[in-house]
Structure formats: structure tokens, C-alpha cells
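Engineer: First the structure, then my questions, so here it is.
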């Protein structure tokens, strides 16, 4: 799957082939799926990941019926090093949150813990970062822990309830009375920490071959 900084990416077949990541990661981001129209009812598509233009992994997805589908079906194969391939067919629940200014924002529900998240990470299964046990604090503070804590601290400056890392930086609101330039600088710093968090998560999770 390539190492950190190797130019790996996730692309859609039949969807314009637009890259959504430039590091080695197996991730499903609900914001991208929604933005590109793949969460419309009764849709199906194949996602594949590539490293330096070479296809390395793929997954088939399909949504249930309805204007706001309630399920996203994941179909893929996985194996540990030297083991046989195992087929996985798993339904992920979709939740739709009303937005303040109209419309709805989708969330994925982790198949293991039922946590509402924006991203599922590939491993033996597609689960949230908590279930992959890569985001919990350790006795010795790691680089990942430091970036998580800094991102949370900056988020709390925008609101005491906004320290959940599942909130994307570009959706964090500007508190009343905060200057636009200050808000922009905070969002840029949060986004920079989040990029490093995702890179470290990808390195921690990517142990199985798809």
C-alpha cells in the first residue's frame, strides 16, 4: 500500500477518478461520498486505492433506497499476511443530521461500537479509529497523541463542545465576536494537525492486505 508520503491515493472508478487523499490510507470519508453524490438512494460504485498509479485495493459500495439512505453496504476481501482471502459483506448504518442553514449532513455509524463518525478506516474490517485502538492515549505520549491534543485544544477555542475530532476543520463555526481572520488562522492550524493525525492513523492501521 505504500509508505507515508509515497503518493498513495483513493480514486473512484466510474466517478471521474478524482483523488481524495495523497497519502497511503484505506479510509472511507462520508463527506467525500456525499459531496460526489455516492450517497444518493440505490447507488453502487467501486472504490479503489492506488500507489503511484498502481491499483492496490478496492471495495464495492451500495446504498439502500430513499432520498436519504439508511444503509451503506460494503463488499470487499481481506487477508492477513500469508492467509487465505476472506470475503466481507457488511452494512453500515447512515445517519442524517439536519444542518442549521438547511439540508442534512450524513454520518457513518461504526459497525462495532455504533459511534457516529465521519471516517471509517480499513483493517480487518472498516471501523472507527477508536475501535482500531490507535487513538487512545498511551503511557508515553506519542506523536499522534500530541497532534490529537493540540487539535482538541484549538477546537475548544471555537466552542467547548467542538473538541470532537470527527468534526472537519472547514465546518467549525466562528464564535460570536471572533474576528474572521482569527477564525481562519485557527481553522488552518486545526487542519494542519488533522492531516498529521490521519497520516499517523494510516500508518498504524494499514497492516492487512486487501
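Every residue, every condition in (1) exposed (fewer than 12 other Cβ atoms within 10 Å of the Cβ); (2) modelled with pLDDT of 85 or more; (3) part of a helix (DSSP H, G or I); (4) touching a helix residue (DSSP H, G or I) at 6+ places or on another chain (Cβ under 7 Å), yes or no:
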residue: 129; (1), (2), (3), (4): no, no, no, yes
residue: 132; (1), (2), (3), (4): no, no, no, yes
residue: 136; (1), (2), (3), (4): yes, no, no, no
residue: 151; (1), (2), (3), (4): no, yes, yes, yes
residue: 163; (1), (2), (3), (4): no, no, no, yes
residue: 203; (1), (2), (3), (4): no, no, yes, no
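Engineer: Now a separate question. What strands (runs of 3 or more DSSP E) lie completely within the range 61-124 and have 2 or more residues being free of Cβ contacts under 8 Å to residues at least 60 places away in the same chain, in contact with a strand residue (DSSP E or B) (Cβ under 7 Å, 6 or more places away or on another chain) and within 24 Å of residue 169 (Cα to Cα)?
Structural biologist: Qualifying strands (runs of 3 or more DSSP E): 86-98, 104-109.
Engineer: With the checklist (1) at positive phi; (2) surrounded by 11 or more Cβ atoms within 10 Å (Cβ to Cβ); (3) at pLDDT below 85 in hand, flag the one item residue 52 doesn't pass.
Structural biologist: (2)
Engineer: Any idea which residue in the range 170-191 is farthest from residue 99 (Cα to Cα), counting only those that are at pLDDT below 90 and under 20 Å from the mean Cα position of the chain (by Cα)?
Structural biologist: 191
The values are calculated or read from the model by the stated rules, or taken from the named source; none is laboratory data. Nothing here was measured: the structure is a model prediction, and the numbers come from that model. All Cβ positions, glycine included, derive from the backbone under ideal geometry; neighbour counts span all protein chains shown.
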